[in-house]
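We did not get these values from a lab; they are worked out from the coordinates using the rules stated. Keep in mind it's a predicted model, so treat the numbers as computed, not measured. Positions of Cβ are backbone-derived with ideal geometry, glycine not excepted, and every protein chain shown enters the neighbour counts.
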Amino acid sequence: MLADAVVRGLVDVAIALYAAAVVARGRAPRTADACWAGAWTWTALHAAAAFVFVHHGDHALLLREAADRTEAAVGVRFGEGIYLNYFLLAVWGFDVAVRWARRRRPAFFPRWPALAVELFVAFMMFQATVVFGTGWIRWAGAIGTAALGVLLAVRRLRAVPAPAHAPGREAG
């Protein structure tokens, strides 16, 4: 079906842009922010296309199908998890706006909310690909999550300054 292919294609682009944003973060901030904004945009387009073309604009149908998918994936019938997706779009969209505003007044915006949003987006990407994904996207999500985790851990370790003097060794 063309509608399914469009919905799938939109989210594939969103996931690729999200991964690019994570990889670029810290090395190319403008590129990272552009990819971050692009990932949000494509995710929003995916959600809108799914609502219109797959669920025919029927929120009750969306809740029933989300409950079916959740039951199949984790054994619990719960369709209200869709509200987390709405929350994701709202919070992530706000974060995109803040990141662009921060360019003009960097001291005005603290960094910790951005980290909280990044962790929430990572959690939702994991859910979308590994928990609810099927076929190759599940494997790609698992491998991508592991790779991004290693990348972030390596960056964190590189950011920690080495001690000037190692214990047990004489300076000089």
Note to self: Quick check: the angle from helix 136-159's long axis to the longest principal axis of the chain, C-alpha only, nearest 10 degrees?
What the structure shows: 20 degrees
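If you average the sequence gap of Cα pairs under 8 Å that are 6 or more apart and divide by the length of the chain, what percent do you get for the contact order?
Worked out over the chain, it gives 17 percent.
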Notebook entry, point to check: Which trypsin sites (Lys or Arg not before Pro) in region 14-57 pass both tests, a DSSP loop state and at most 13 other beta-carbon atoms within 10 Å?
Noted result: Arg27
Check: How far apart, in nm, are the 7 Å Cα→Cβ label points at Arg27 and Val131?
Finding: 3.0 nm
Margin query: What do you get for the angle between helix 29-49 and the principal long axis of the chain? Use alpha-carbon atoms, 0 to 90 degrees, nearest ten.
Written below: 10 degrees
Note to self: If you filter region 69-144 for chymotrypsin sites (Phe, Trp or Tyr not before Pro), then keep DSSP loop positions with at most 14 other Cβ within 10 Å, what is left?
What the structure shows: Phe78
Note to self: List the GluC sites (Glu not before Pro) within region 1-82 that DSSP assigns to loop and that have no more than 10 neighbouring Cβ atoms inside 10 Å.
What the structure shows: Glu80
Next item on the list: May I ask for the Rg/Rh ratio of the chain, computed from Cα atoms with Rh as the Kirkwood radius, given to two decimals?
Entry: 1.08
Item checked: Quarter of the Cα convex hull surface for region 1-80, i.e. its orientation-mean projected area (nm²) -> 6.1 nm²
